[in-house]
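As structure tokens, the structure follows; a few thoughts come after it.
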Amino acid sequence: MILIEHNNKIIELRETLFWDVDPGNLHAVRSKSLIIERVLTRGNLQEFKQLIRFYAPEELKDAVIKIGYIDKRTLNFISTYLDIPKEEFLCYRKMQSAPAHWNY
């Protein structure tokens, strides 16, 4: 497990979320975007609950709208949960500008 401390709070995350990163280099502030992106896209409910306690709501909002890819289900959830219109998300604008060639 990876333990990260920030403002007298600790978040405990699985190492498998950061398989491509040296866990010792993760920092609560410098790695904030990476941590939030990995928990949202690959984390579980327990890690999500820790995430929302670990970072302030404004920090979360500022970071999630800049994430380049979030699947549609997660985007709908986080948009509703943080009360952010989907149109404000970078990943949503990217989806709109690059429609899929095939219907699945």
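The values are calculated or read from the model by the stated rules, or taken from the named source; none is laboratory data. Since we're looking at a predicted model, the values are computed, not measured. Reconstructed Cβ throughout: ideal geometry from the backbone, glycine too, with neighbour counts over all protein chains shown.
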Q. If you go through the stretch 39-54 one residue at a time, how many are touching a strand residue (DSSP E or B) at 6+ places or on another chain (Cβ under 8 Å) and in a helix (DSSP H, G or I)?
A. 6
Q.
Quick test of your reading of the structure: LEU75 fulfils all but one of (1) buried (at least 18 other Cβ atoms within 10 Å of the Cβ); (2) over 13 Å from the mean Cα position of the chain (by Cα). Name the failing condition by number.
A. (2)
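How many of the residues making up the stretch 1-21 are in a strand (DSSP E or B), loosely packed, with under 15 Cβ neighbours inside 10 Å and either of a type in the set (D, E, K, R) or touching a Pro at 6+ places or on another chain (Cβ under 7 Å) (or both)?
Filtering the stretch 1-21 for residues in a strand (DSSP E or B) gives 2-6, 9-13.
Keeping just the survivors that are loosely packed, with under 15 Cβ neighbours inside 10 Å gives 3, 5, 9-10, 12.
From what is left, the residues that are either of a type in the set (D, E, K, R) or touching a Pro at 6+ places or on another chain (Cβ under 7 Å) (or both) are 5, 9, 12.
Looking only at that region, the number is 3.
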Q. Any chance the stretch 74-86 includes a residue that's assigned to a loop (DSSP other than H, G, I, E, B) and of a type in the set (D, E, K, R)?
A. yes
Q | Conditions (1) over 20 Å from MET95 (Cα atoms); (2) assigned to a helix (DSSP H, G or I); number of the one not met by ARG30 | A | (2)
Q | Flag if TYR92 is assigned to a loop (DSSP other than H, G, I, E, B) and modelled with pLDDT under 95 | A | no
Q. Any idea which residue in the stretch 22-46 is surrounded by the most Cβ atoms within 10 Å (Cβ to Cβ), counting only those that are over 16 Å from the mean Cα position of the chain (by Cα) and either among the hydroxyl-bearing types (Ser, Thr, Tyr) or closer than 21 Å to ILE67 by Cβ (or both)?
A. PRO23
